[in-house]
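The values are calculated or read from the model by the stated rules, or taken from the named source; none is laboratory data. Worth saying up front: this structure is predicted, and the values here are computed from it rather than measured. Neighbour counts are summed over all protein chains in view; Cβ atoms, including those assigned to glycine, are modelled from backbone coordinates with ideal geometry. Note: areas computed on protein heavy atoms with side chains; ligands, DNA, RNA excluded. Shrake-Rupley method; radii C 1.70, N 1.55, O 1.52, S 1.80 Å.
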Amino acid sequence: MGEGQITSSRADEILNLNDDLTNIDNQASEGLADSIIDKLFDDERFKALLTEIKASKTENNLGLSNSGKREKRMERSYKPLRNLIVENNKKLKSSINMHQPLREYLEIIETLYKEFEVEYDDFPSTRLSRRPRFKNIADLYKKYDPHETLMRLEVFMLALLFKPVPVFMNASSQSKQQAQETLKQCENRITQLGRELLFVLDNVDDIKQFTGNYFSRNIQILAEFFKFEVEQKRGKNALYDLNYDLTEDALCNLNRLLCRLKAFAESGNLRTDKNLFRLRDGDTESRIIKPSHIEVTKKWAQNSERLKKAVQYFHGYKKQDIALYRFRLEIAYKNCKDRVPYEQFQKFFTSLNKKAAKPEGFSGYLNYLYFWRENFVTGQLVQDIIIVFNANSLMETKIQESDAEVRFRDIPTEFHAYTCDLLKASSESFNGMEVKLNFESVPILQNSEWKMPAELIIEAGDKEKWSFFEKRVLPYFIFLETFDVVYTDDIKSRFGRGQKEI
């Protein structure tokens, strides 16, 4: 050992000198100890030793653990989990679209959500973060699209429920080989579902707000799950920090999270993960929400069958030129604030449809489909109806003496007047009480993305418009019942259509 060097053991001897001075006066002892320590830490040789010890420990402990520390493994580079999020997970959606029932579900949910955005000011939520999500300056001006987020969440949940795979392939028997993998090899073992889970975690703040009645059960599952997670962590740091490095430990944590979410989605029962949380007095170990996944699937299947029958029924008009008109009828008592009950409204509507369809009734009237809504402002029941009209009756010819006059009919105005006249003559339907009609003309579907006119003409042989009617319009009216909206009236079936033979 050279004269100018100092060993670790020698440093320890110097640091322990204070123990040999216990018999000296306390004040003198403290002064001497301070002097020795100050001189020791000013010594360049001691600084070099501390640097060497620190470097040795760092070499063994760098890399991501659950506490956010890093662990250096050979020459492996680092990549945060956030960088694994893809802008558009087309691969996962393509795998879902290969299955007809799942593809149908996505088409229907997309239609409903787009219409809800127009119908309700607070859909999906007035509190949603509107800040763009960007990775570089070019993305800074991209508008955050809540509809796109909702649809990606729907795809994720379909994959989790019907095509589940782990976040990444992992087997304890292969741990030694996996420990030698490069970063790229580790990343290649991540599934598309696993990547989409990272997107879900990046949107947790928004997801927790998706709790209204006009969200699918899939979305409500996510909202309840993450609200429960946040409640349980009691203000601790984020349990699933996307700034963590890509490591086996981090991916294993995500696998456990995915399993808990799947179990909750299938049972409605969410149990506290005791490995992550310590229960206190008064805490609950589980939460149960909504019907089970199996019951919801059964309800959706019933409406799918109803849609199939409705499509087949309206096929009878494919060889005709038809026009569709959508109206909302609301009936209220004139001199009473009481709500017109469903039975009275239904009786009047049945009479309206029968009389309008007669040859001497409303000229050109063919058929109808409807959904019973509720005006949550007035509290009144609303008949949301689409009438199927003979488009060849739109141009009306009147012959006066030797001249023929042809005019184009204004069906909304005519149908409004026809309904009002019938209402005046139908006092028996409302127990003799005087009523008034609120009549509103509504676009067939309201979202501007559809680019649909207020009145839709479908000429014979127009496959594109018939497809829109069957894949967008009919499903919208039929599947509204699948949402957990609390209405005043307990109506067995809120959707209805004509029953006569075509």
Report task. Search region 472-494 for residues being among the polar types (S, T, N, Q) and over 22 Å from the mean Cα position of the chain (by Cα), and hand back the single one that is surrounded by the most Cβ atoms within 10 Å (Cβ to Cβ). Result -> THR488
**Report entry** Residue in region 146-169 that is modelled with pLDDT of 85 or more, open to solvent by less than 20 Å² (accessible area, probe 1.4 Å), within 17 Å of the chain's Cα centre (by Cα) and β-branched (Val, Ile, Thr) present
**Finding:** yes
Report task. Search region 319-345 for residues that are over 18 Å from TYR487 (Cα atoms) and not assigned by the TED database to the domain that holds ILE444 and pair each with any residue that is open to solvent by 50 Å² or more (accessible area, probe 1.4 Å) and at pLDDT 95 or above when their beta-carbon atoms are under 8 Å apart and the residues are at least 6 apart or on different chains. Result -> none
Query raised in the report: Does SER304 satisfy the condition of being at pLDDT below 95 and crowded, with 16+ Cβ neighbours inside 10 Å?
Result: yes
Query raised in the report: For region 418-441, does any single residue satisfy the condition of being within 30 Å of HIS147 (Cα to Cα), touching a residue at least 60 places away in the same chain (Cβ under 8 Å), in contact with a Phe, Trp or Tyr (Cβ under 7 Å, 6 or more places away or on another chain) and open to solvent by less than 80 Å² (accessible area, probe 1.4 Å)?
Result: yes
Report task. Hey, can you tell me all the residues within region 319-346 that are loosely packed, with under 15 Cβ neighbours inside 10 Å and basic (Lys, Arg)? Result -> LYS319, LYS334, LYS337
Query - Residue ID - nearest to the chain's Cα centre (by Cα), chosen from residues in region 376-416 that are modelled with pLDDT of 95 or more and among the acidic types (Asp, Glu) - result: ASP384
Query raised in the report: Does PRO132 satisfy the condition of being more than 15 Å from the chain's Cα centre (by Cα), modelled with pLDDT of 90 or more and either in the same structural domain as TYR214 (by the TED database) or within 27 Å of ILE221 (Cβ to Cβ) (or both)?
Result: no
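Rundown of residues vs (1) modelled with pLDDT of 80 or more; (2) in a loop (DSSP other than H, G, I, E, B); (3) loosely packed, with under 13 Cβ neighbours inside 10 Å, yes/no style:
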position	(1), (2), (3)
GLU59	no, no, yes
SER67	no, yes, yes
ARG70	no, yes, no
MET74	no, yes, yes
TYR78	no, yes, no
GLU87	yes, yes, yes
LEU102	yes, no, no
GLU110	yes, no, no
**Report entry** Leading residue by the ranking (surrounded by the most Cβ atoms within 10 Å (Cβ to Cβ)) among those in region 400-415 that are in a helix (DSSP H, G or I) and without any contact (Cβ under 8 Å) to a residue 60 or more places away in the chain
**Finding:** GLU414
Requested in this report: Kindly list, by first and then second residue, each pair from a residue in region 443-455 that is among the acidic types (Asp, Glu) to a residue that is part of a loop (DSSP other than H, G, I, E, B), limited to pairs with Cβ atoms under 9 Å and residues at least 6 apart or on different chains.
Outcome: GLU455/PRO443; GLU455/ILE444
Requested in this report: Please determine, by comparing only the residues of region 373-399 that are touching a Ser or Thr at 6+ places or on another chain (Cβ under 9 Å) and farther than 18 Å from THR413 by Cβ, which one is surrounded by the most Cβ atoms within 10 Å (Cβ to Cβ).
Outcome: LEU381
Report summary line: Condition set in a helix (DSSP H, G or I) and surrounded by fewer than 16 Cβ atoms within 10 Å (Cβ to Cβ), scope region 231-254, selection modelled with the highest pLDDT: answer is CYS252
Query raised in the report: Taking TYR214 and the conditions (1) part of a helix (DSSP H, G or I); (2) modelled with pLDDT under 90; (3) in contact with an Asp or Glu (Cβ under 9 Å, 6 or more places away or on another chain); (4) buried (at least 19 other Cβ atoms within 10 Å of the Cβ), which numbered condition does it fall short on, given that it satisfies the others?
Result: (1)
